[in-house]
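Undergrad: I have a structure I would like to understand better, so I am pasting it below and will then ask my questions one at a time.
Only the coordinates and a few stated rules stand behind these numbers; no lab work does. These figures come from a predicted structure and were not determined experimentally. A quick note on method: Cβ atoms are made from the backbone with ideal geometry, for glycine too, and the neighbour counts reach across all protein chains shown.
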Amino acid sequence: MTIQRTLLLLRHAKSDWSTTVADDFSRPLSGRGKHDSPRMGLWMRSHGLLPDNVVSSPATRARQTIKRVCRELGIESADIKWDERLYLASLSGLLEVIADCPVNTACLLLVAHNPGLETLLRHLAGASVPEPADGKLMPTAALAVLNIREDWQHLQQGSAQLTELVRPRNLPT
């Protein structure tokens, strides 16, 4: 029997490039990022996308994004798993993190960065991924919803179906 799984890929929201932090890892969200994050959480909740496992990059902008999203989903910050491998991860790194997910996870929310997320999305969904006119598949705070029939440990190229690609600019204000 094949179990239907859902993989949610969320790129961190817009970060603040004008800040004087010492490094990229510490860069916080911008005002727009702080605005878009809870809106994405509200959209997820209204569409019944409630993850039973949340794994995020520990970079400041990713932390701030997922905490705002989870607040709207009713998920406690203590339930977020922070995985350093997600910070600027490659395709193989992202697949490794997903493979480490408990087998009984039905809906996984992965919060990370580009270009890795776009590469992962294209790898898993292949032909079902539309090419946007602006060339930005996963802009900041974008959410990709994928249906998966394989185990988390056995994800292959083309093993997922993209069902939604939601961008903050397309959400109601």
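Undergrad: In terms of Cα to Cα distance under 17 Å, which lysines are near enough to LYS81, apart from those fewer than 8 places away along the same chain?
TA: Counting by Cα, and skipping residues close in sequence, LYS81 has these lysines nearby: LYS67.
Undergrad: I would also like to ask the following. By how many degrees, 0 to 90 and rounded to 10, does the Cα axis of helix 31-46 deviate from the longest principal axis of the chain?
TA: Helix 31-46 sits at roughly 30 degrees to that axis.
Undergrad: Using helices alone, I'd like the mean residue ellipticity at 222 nm for the chain: each DSSP H run of four-plus residues gives -39500 (n - 2.57), total over residue count, nearest 500.
TA: One gets -9000 deg cm²/dmol as the mean residue ellipticity at 222 nm.
Undergrad: Then there is this: Can you spot the aspartates and glutamates whose alpha carbon is less than 19 Å from LYS34's alpha carbon? Ignore those fewer than 8 places along the same chain.
TA: ASP16, ASP24, GLU72, GLU76
Undergrad: While we're looking at this one, here's another question. List the aspartates and glutamates whose Cα sits under 13 Å from the Cα of LYS136, skipping any in the same chain fewer than 8 residues away.
TA: List returned: GLU118.
Undergrad: Using only Cα atoms, figure out Rg for the chain and give it as a multiple of 2.2 N^0.38 Å. Please list the in-between numbers first.
TA: Numbers: Rg = 14.9 Å, N = 173, 2.2 N^0.38 = 15.6 Å.
That works out to 0.96 for the chain.
Undergrad: Please sort 19-31, 139-151 by packing, taking for each peptide the average over its residues of neighbouring beta carbons within 10 angstrom, highest first.
TA: 139-151, 19-31
Undergrad: Helix 60-73 against the longest principal axis of the chain: what's the angle in degrees, Cα atoms only, rounded to the nearest 10?
TA: 70 degrees
Undergrad: While we're here: Using a 10 Å cut-off around each Cβ, can you sort CYS107, CYS70 from fewest to most neighbouring Cβ atoms? Let's see the in-between values first.
TA: Numbers: CYS107 17, CYS70 23.
Fewest-to-most ranking of CYS107, CYS70: CYS107, CYS70.
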